[in-house]
Amino acid sequence: SPPRVRVAEALMAFADLRPESIGNFDGSDGLTLKDLPELRIEKSSVGFIKIPTTVIVRAPLSKARHKYFTFLGSEGCTYLKEHLEERLRAGEKLTPESPLIGHERPRAKTKPFMITRKITHLIRKCMRKAGVWKRPYVLRAYAETQLIIAESKGKISHPYLQFIAGHKGDIEA
């Protein structure tokens, strides 16, 4: 799958993000580069201060309408790095307000962010090519299963699991 689709898949499968957080229903808002505070872009290279890296979900992008954060691990960071470097090579000027996931045809875009429906369509298309006939939302179920396994092994507490999953009310509200 193309780098931008791998990034969307990684954000859902590894960071437990809803597709609406990546790009909302009308393309007016979504994750931006500034929502990854440990991301560094210099000339033509992309790096991270720390991996796993923090992903901040602003209140307007949260289903529960509260700000929270989650993490993206090394595999997701690799996909994001490849995607952003591809955009830099194509001549795009990346700023803190740039969308995390770019459009297929940046010059033809009418909204700054890719819409939720397009994100899930691209993921679904790649899943079908791989012979997986599930909804893209199954990636979030995978992420939450991994968080539950981490909790069962004592790696994370339940309140933190709830917070990272974007559920309202925890880390101890």
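Nearest 500 deg cm²/dmol is fine: what mean residue ellipticity at 222 nm does the chain get from its DSSP H runs of n ≥ 4 alone, each adding -39,500 (n - 2.57), divided by its residue count?
The helix-only estimate for the chain comes to -12000 deg cm²/dmol at 222 nm.
With a sphere of radius 12 Å drawn around the Cβ of residue 26, what net charge do the other residues whose Cβ falls strictly inside it have (Lys, Arg +1; Asp, Glu -1)?
Details: positive: 111, 117, 118; negative: 20, 29.
Local net charge: +1.
Each label point is 7 Å from the Cα along the Cα-to-Cβ direction; what then is the distance between the points at residue 67 and residue 51, in nm?
My value for the distance between the label points is 2.8 nm.
Among 152, 74, 98, determine the one that fluctuates most according to a GNM of the chain built with springs between C-alpha atoms less than 10 Å apart.
Comparing 152, 74, 98 in the GNM, the peak value goes to 152.
How high is the relative contact order of the chain, in percent, counting Cα pairs under 8 Å that sit 6 or more residues apart?
Relative contact order, the chain: 30 percent.
Suppose R0 equals 30 Å. What FRET efficiency, 1/(1 + (r/R0)^6) with r the Cβ-Cβ distance, do residue 93 and residue 124 give to the nearest 0.05? Write out the running numbers ahead of the final one.
On the way: r = 31 Å, r/R0 = 1.03.
Plugging the Cβ-Cβ distance into 1/(1 + (r/R0)^6) gives 0.45.
Is there a pair in 34/63; 34/67; 43/125; 93/118; 34/134; 129/155 whose C-alpha atoms are over 25 Å apart, and which pairs would that be?
Violating the 25 Å limit, Cα to Cα: 43/125; 34/134; 129/155.
With springs only between Cα atoms under 10 Å, which of 151, 82, 42 fluctuates most in a Gaussian network model of the chain?
Its mean-square fluctuation being the largest, the pick is 42.
Dipole of the stretch 1-149, Cα-centred, from +1 at each Lys and Arg C-beta and -1 at each Asp and Glu C-beta, to the nearest 20 debye? Spell out each step's value before the answer.
On the way: 28 positive and 16 negative charges, 108 e Å.
The calculated dipole for the stretch 1-149 is roughly 520 debye.
Expected output is a single nm value to one decimal: the length gained when fully extending between residue 132 and residue 86, i.e. 0.36 nm times separation in residues minus the C-alpha distance. What is it?
13.9 nm
For the chain, set up a GNM with springs between Cα atoms under 10 Å and report which of 93, 34, 63 has the largest fluctuation.
Comparing 93, 34, 63 in a Gaussian network model of the chain, the most mobile one is 93.
FYI, it's all coordinate maths here, none of it is from the lab. None of the values given here were measured: they were computed from a predicted structure. Virtual Cβ from ideal backbone geometry, glycine too; neighbours counted across all protein chains shown.
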